[in-house]
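Here the structure is laid out as structure tokens; the discussion comes afterwards.
The values are calculated or read from the model by the stated rules, or taken from the named source; none is laboratory data. Because the structure is predicted, anything quoted here is derived from the model rather than measured. Positions of Cβ are backbone-derived with ideal geometry, glycine not excepted, and every protein chain shown enters the neighbour counts.
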Amino acid sequence: MEHSNLLKNIKEGIIENIYFFIGQEQFLCEEIINELRKQILDPSFKDLNYEYMEEKNISTQSIISACETLPFMDKWRLVIVKNFDFLQGGNSKENEGEIEKIIKYIKNISPNTCLVFWQTENVDKRKKLFKAIKQEGKLIEFEKLKPFEYEKWLESKISKKGKNIKKTVLRSFMENSNYLSKNSPKTLRDINNEINKIVDYIGDRIEITQDEIGNILSRSLENDIFKMVDAIGKRDKKTAIILLNDMLRNGENGIKILTMITRQFRILIQCRELKNKGYSPDLIAKKLSLAPFIVKKGLAQCQHFKGRTLKEALNTTSQIDLKMKTGKVNIKLALEMLIFEYTK
């Protein structure tokens, strides 16, 4: 089940006895838990009907005792168990009895209890306890949002802040946020912080414009690399050099910049080859595990390069990389020479 559907169910009063929350997007997980608190706990008796336990403070008996306590003057009792050690690797044989005890209990949990297992750490899905909770409860994996989910989430967040944003500006936000890029460390918590910065910046003004996206949104190395390669393809030496100097001045590592340039050349080669084989942009995105807008921009960028030029550039970056790592060339000079060579 997607988190949006789960949120809808909770708001409609459809509550499960057992939930199992895992995954990297903890911001979404926290939203769900806050909504659970809001929907099933009467504020007057919240402290009496809510139990939270975490890591070292968790034992099988403490979970069972918390769940078996009847709710006071309310329908539900909410029990949150965060980072239960038995759901991670390395359990000893002496814990097997405790694990069997909790498995037996969750099969006959009190109908007035909502028990949430909330794991922020890695979970061993081979564990008997994992399988039991998954079978008896509702498992939700809070993974990184797909592009269409991310767009919908952004629209919702911005709307709740009382602000408007045009589709074109929203797409620019998506591209510059670096959330959808493969292996990006950005999470929705980071993106929410960026939204808050923009909202604070525009004050009482309702409309978020392209200027705010450029001025406030944290610049991503990947986006700067794309702009640089685009400038190289258009033979715009001046812009490419300015972008390079900006990245170096902002503390970016020269070898990392070269690695990202190499990656971008490789993406362009792959996009072109797959397009020539008849793949649609959506299929290319799926095959390369890239966001569709990245592929769309990549295919447009390919038009500035001949196929042979891209492959030569990829070979050149490999040679420069070796010279950089062996100290045979000045990093800044090598990057400048790369730009000069392919903007002639």
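Restrict the check to segment 40-51 and report whether at least one residue is more than 18 Å from residue 109 (Cα to Cα) and in contact with a Leu (Cβ under 7 Å, 6 or more places away or on another chain). Before you say what the answer is, go through the steps one by one.
Keep residues of segment 40-51 that are more than 18 Å from residue 109 (Cα to Cα), which gives 41-48.
Subsequent filtering for residues that are in contact with a Leu (Cβ under 7 Å, 6 or more places away or on another chain) retains 41.
Scanning segment 40-51 turns up at least one residue that is more than 18 Å from residue 109 (Cα to Cα) and in contact with a Leu (Cβ under 7 Å, 6 or more places away or on another chain).
Which condition breaks for residue 242 when tested against (1) surrounded by fewer than 16 Cβ atoms within 10 Å (Cβ to Cβ); (2) among the hydrophobic types (A, V, I, L, M, F, W, C); (3) within 17 Å of residue 343 (Cα to Cα); (4) touching a residue at least 60 places away in the same chain (Cβ under 8 Å)?
(4)
Can you tell me which residue in segment 195-230 is farthest from residue 263 (Cα to Cα), limited to those that are in a loop (DSSP other than H, G, I, E, B) and not basic (Lys, Arg)?
My answer is 204.
Are any residues in segment 1-57 touching a helix residue (DSSP H, G or I) at 6+ places or on another chain (Cβ under 9 Å) and basic (Lys, Arg), and if so, which ones?
Of everything in segment 1-57, those that are touching a helix residue (DSSP H, G or I) at 6+ places or on another chain (Cβ under 9 Å) and basic (Lys, Arg) turn out to be 11, 38, 46, 56.
For (1) touching a residue at least 12 places away in the same chain (Cβ under 8 Å); (2) in a loop (DSSP other than H, G, I, E, B); (3) not aromatic (Phe, Trp, Tyr), each residue gets a yes or a no:
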{"site": "110", "(1), (2), (3)": "yes, yes, yes"}
{"site": "115", "(1), (2), (3)": "yes, no, yes"}
{"site": "120", "(1), (2), (3)": "yes, yes, yes"}
{"site": "125", "(1), (2), (3)": "no, yes, yes"}
{"site": "130", "(1), (2), (3)": "yes, no, no"}
{"site": "150", "(1), (2), (3)": "yes, no, no"}
{"site": "154", "(1), (2), (3)": "yes, no, yes"}
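Out of all the residues in segment 267-292, which are within 16 Å of residue 222 (Cα to Cα) and surrounded by 15 or more Cβ atoms within 10 Å (Cβ to Cβ)?
Across segment 267-292, the qualifying residues are 267, 268, 290, 291, 292.
Would you mind stating whether residue 173 is assigned to a helix (DSSP H, G or I) and in the same structural domain as residue 296 (by TED's automatic domain parsing)?
So residue 173 fails the test.
Would you kindly identify the strands (runs of 3 or more DSSP E) lying entirely within segment 2-90 that contain at least 3 residues that are closer than 22 Å to residue 125 by Cα and in contact (Cβ under 8 Å) with a residue 40 or more places away in the chain?
On the way: elements: 18-22, 50-54, 77-82.
Here the list reads 18-22.
Please state which one of 175, 212 is within 28 Å of residue 288 (Cβ to Cβ), touching a residue at least 12 places away in the same chain (Cβ under 8 Å) and crowded, with 19+ Cβ neighbours inside 10 Å.
Result of the check over 175, 212: 175.
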